[in-house]
Amino acid sequence: MESGVVIVGAGHGAGQAAQSLRQFGYEGPITLIGEEDCAPYQRPPLSKAWLAGEVGMEDVLFKPEEFWPTQNIKVITGRKVVSISVDKKQVHCDDGASVPYAHLILATGGRARRLGCVGEDLDGVQVLRTLEDADRLRQSMQKGRRLVVIGGGYIGLEVAATARKHDLDVTVLEAEARVLARVAGKDLSTFFERVHGEHGVNIMTGALAEAFEGTDRLSGVRLADGTVLAADIAVVGIGLIPNEELARQAGLACDHGIVVDDLCHTSGPDIYALGDVTRHPSAIYGCALRLESVHNALEQAKTAAGAITGRAKPYNQVPWFWSDQYDLKLQIAGLSTGYDETVTRGDPSTNAFAVFYFKDDTLIACDAVNAPAEYMAARMMIAKGAGPDRQALVDMAVPMKEIMMQAQ
């Protein structure tokens, strides 16, 4: 069997890596090996449009199924790579097959974190990470049912918003003092708590889920203070664990993610990694980052493909994310961790505003709600390490383009 590029994982980033390899002129064999019984698909719709039943499979797939054979890309589904022979340049699958590689790309992503508490195996308790998870949740989301969402992050709030569209009774439990506490400032948390409350979501902060109750099926969620919330469905959305075990067993450097350089190269020869599973250097923030972001996965895929095909271009981009909830589009540029000052542009009561985060007079992040101009300008200013004028930011009469042009 001729060696080529083997991509372990068949998600969004893996699909982009295969596509980019062909776009960059790679002519050798390309093989994607994925555990799920599905060709590469997009995960963001799972908590939004797919869960709401607003889109079909053709809208979720990364590419139409006929794309892969026409590009001479082999997609193997329902198979798990269990080990890597770095010296022999082979991957070994759970069905006993071995596949040789000239270059290996690890796009193993992550798995949903579990609470690890009593009753978590009850029917009705689930996570939301895969298409199968989303299908199961969509089938159970019937009008009048009681849903408890554990975790007030973006996924949890998106599930809550979608469930309210289906007239479920929804409660969100957040262990921290406010929702989005790990990723945004207090102003944004207050805004989303208000919006969800107006849509009938019961948000409980400082609430720690301790156990799930029920015989064969979920009947309630017990909190640490002894309170039991009646529930027909519970969704645990408390973060992601990077699937680094395969890389670690192969002797590759890992640190809560597979360590890569700015070309997505791991510590192993001819082995690259991309997406949620990687920890990469950021010149913008001066530290190593592990990002759970579609943008990061797609751009790292292009970076790895470029490195393999002799088009090396170091990866150093402003992280960005988005979240759709009700009629709101939240767009996030940068990372607000460690900020020492915030400036709000616009009025949150109008559902169109932006919060700018500064550290040492430099703009490091922006959360923009229904404010695309502010978001785009922020991305560009963060990229060049600018510190825009605060008074101009507050003044809605001053266009963002002007602020961006004058920022130093």
Flag for residue 160 being outside any loop (DSSP other than H, G, I, E, B), touching a strand residue (DSSP E or B) at 6+ places or on another chain (Cβ under 7 Å) and closer than 23 Å to residue 292 by Cα: yes
Filtered residue count, segment 197-226, keeping only those that are surrounded by 13 or more Cβ atoms within 10 Å (Cβ to Cβ) and touching a residue at least 60 places away in the same chain (Cβ under 8 Å): 9
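Results for (1) within 30 Å of residue 157 (Cα to Cα); (2) modelled with pLDDT of 95 or more; (3) assigned by TED's automatic domain parsing to the domain that holds residue 270; (4) in contact with a strand residue (DSSP E or B) (Cβ under 8 Å, 6 or more places away or on another chain), shown as yes or no for each residue.
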| residue | (1), (2), (3), (4) |
| --- | --- |
| 8 | no, yes, yes, yes |
| 18 | no, yes, yes, yes |
| 30 | no, yes, yes, yes |
| 34 | yes, yes, yes, yes |
| 42 | yes, no, yes, yes |
| 46 | yes, no, yes, no |
| 53 | yes, no, yes, no |
| 65 | no, no, yes, no |
| 69 | no, yes, yes, no |
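Rundown of residues vs (1) closer than 29 Å to residue 360 by Cα; (2) crowded, with 22+ Cβ neighbours inside 10 Å; (3) among the charged types (D, E, K, R), yes/no style:
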{"position": "232", "(1), (2), (3)": "no, no, yes"}
{"position": "237", "(1), (2), (3)": "no, yes, no"}
{"position": "250", "(1), (2), (3)": "no, no, no"}
{"position": "258", "(1), (2), (3)": "no, yes, no"}
{"position": "262", "(1), (2), (3)": "yes, no, yes"}
{"position": "265", "(1), (2), (3)": "no, no, no"}
{"position": "269", "(1), (2), (3)": "no, no, no"}
{"position": "277", "(1), (2), (3)": "no, yes, no"}
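Condition check ((1) of a type in the set (A, V, I, L, M); (2) over 20 Å from residue 248 (Cβ atoms)) across all residues:
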residue: 73; (1), (2): yes, yes
residue: 76; (1), (2): yes, yes
residue: 90; (1), (2): no, no
residue: 106; (1), (2): yes, no
residue: 115; (1), (2): yes, yes
residue: 118; (1), (2): yes, yes
Which listed residue, of 115, 122, 137, 128, is farther than 30 Å from residue 25 by Cβ and under 18 Å from the mean Cα position of the chain (by Cα): 128
Segments classed as strands (runs of 3 or more DSSP E), wholly inside segment 298-408, with at least 1 members that are outside the structural domain of residue 42 (by TED's automatic domain parsing), at pLDDT 95 or above and over 24 Å from the mean Cα position of the chain (by Cα): 341-347, 352-359, 362-369
Where residue 110 falls short, out of the listed (1) under 24 Å from residue 278 (Cα atoms); (2) out of contact with any Asp or Glu (no Cβ under 9 Å at 6 or more places or on another chain): (2)
Inter-residue pairs, beta-carbon under 6 Å, first free of Cβ contacts under 8 Å to residues at least 40 places away in the same chain and in segment 42-70, second of a type in the set (Ser, Thr, Tyr), 6+ apart: 61/41
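The values are calculated or read from the model by the stated rules, or taken from the named source; none is laboratory data. The shown structure was predicted, so the numbers you read here are calculated from the model rather than taken from an experiment. Counting neighbours? That spans all protein chains shown, and the Cβs are built from the backbone with ideal geometry, glycine included.
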